[in-house]
1. So, in region 177-192, of the ones that are touching a helix residue (DSSP H, G or I) at 6+ places or on another chain (Cβ under 7 Å) and exposed (fewer than 14 other Cβ atoms within 10 Å of the Cβ), which residue ends up farthest from residue 160 (Cα to Cα)?
2. Residues in region 117-158 that are modelled with pLDDT under 85, closer than 28 Å to residue 195 by Cα and surrounded by 14 or more Cβ atoms within 10 Å (Cβ to Cβ): how many?
3. Please determine whether any residue of region 193-208 is more than 22 Å from the chain's Cα centre (by Cα), on the phi < 0 side of the Ramachandran plot, assigned to a helix (DSSP H, G or I) and surrounded by 11 or more Cβ atoms within 10 Å (Cβ to Cβ).
4. Find all pairs meeting these conditions: Cβ atoms under 6 angstrom apart; at least six residues apart or on different chains; first residue within region 240-256 and more than 12 Å from residue 209 (Cα to Cα); second residue in a helix (DSSP H, G or I) and at pLDDT 95 or above.
5. Please tell me if residue 55 is surrounded by 12 or more Cβ atoms within 10 Å (Cβ to Cβ), at pLDDT below 95 and not in a helix (DSSP H, G or I).
6. Give 38, 61 a once-over and let me know the one that is in contact (Cβ under 8 Å) with a residue 24 or more places away in the chain, assigned to a helix (DSSP H, G or I) and over 30 Å from residue 194 (Cβ atoms).
7. Collect the residues in region 1-35 that are assigned to a loop (DSSP other than H, G, I, E, B) and more than 17 Å from residue 253 (Cβ to Cβ), keeping them in residue-number order.
8. Inside region 69-112, can you point out the residues that are assigned to a strand (DSSP E or B) and within 25 Å of residue 21 (Cβ to Cβ)?
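The values are calculated or read from the model by the stated rules, or taken from the named source; none is laboratory data. This one's a predicted model, so the numbers in the text were calculated from it and none came from an experiment. Don't worry about glycine lacking a Cβ; one is built from the backbone with ideal geometry, like all the others, and counts go over all protein chains shown.
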């Protein structure tokens, strides 16, 4: 299970994904600005070599600005590639997490967990309730071995299920907690089908095109969406195609950027079934 910091910085709809997805929009925007500059030079300064020639002479402006944007956002990729999960092992009934280079572990039967309702604010100033499932695991610093402090690990609430989307706050966090409890009590077979709107990461080029296809609105189950589809398509299609390009870039970054190697303690905590390489 990814902690809250991992959900914020890594995977689809995270901060690193948005930074990558915005990149094609930045490039297209400044390419349009370059075309406007060509029209100005053509009408005012008598430039006659053509739009393509003008762009090739000044290509470094849109490319350079896009590169600078990516460099400024690159710090978002560091927590994405260095995140480590919380391990729930049903066989050993242990919950394990690595914090500050030290393994923190707790028996499932003695685990302390609670749900918080955190209020944040959207860009327009409207308050947004976000539920967070918090696990408290005994943890002591190296120089305070007798301490009874707790390491508190936050897990973000799900927003993919319809019930959690329309009941923002602790509802989604409660769904996550019940999902974990069901797994630890009855095993993977008892878990309900995933309600995720999309995969955590793109698995193929075909999936990226399928997920963001603007033609899906014509096949919607809602009649009113099908009715509006011909009017929305001219606006939605270019936006969705640029998002597809950003999603493809993110898939490429996911495959080429180095990932933090799991410590052996975490691999052992999940019985060697997963080692964090995929």
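1. 190
2. Residues in region 117-158 being modelled with pLDDT under 85, closer than 28 Å to residue 195 by Cα and surrounded by 14 or more Cβ atoms within 10 Å (Cβ to Cβ): 7 in total.
3. Checked against the condition, which is being more than 22 Å from the chain's Cα centre (by Cα), on the phi < 0 side of the Ramachandran plot, assigned to a helix (DSSP H, G or I) and surrounded by 11 or more Cβ atoms within 10 Å (Cβ to Cβ), region 193-208 yields no hits at all.
4. 249/20; 250/17; 250/20
5. No, not satisfied.
6. Matching residue, one of 38, 61: 61.
7. 1, 2, 3
8. none
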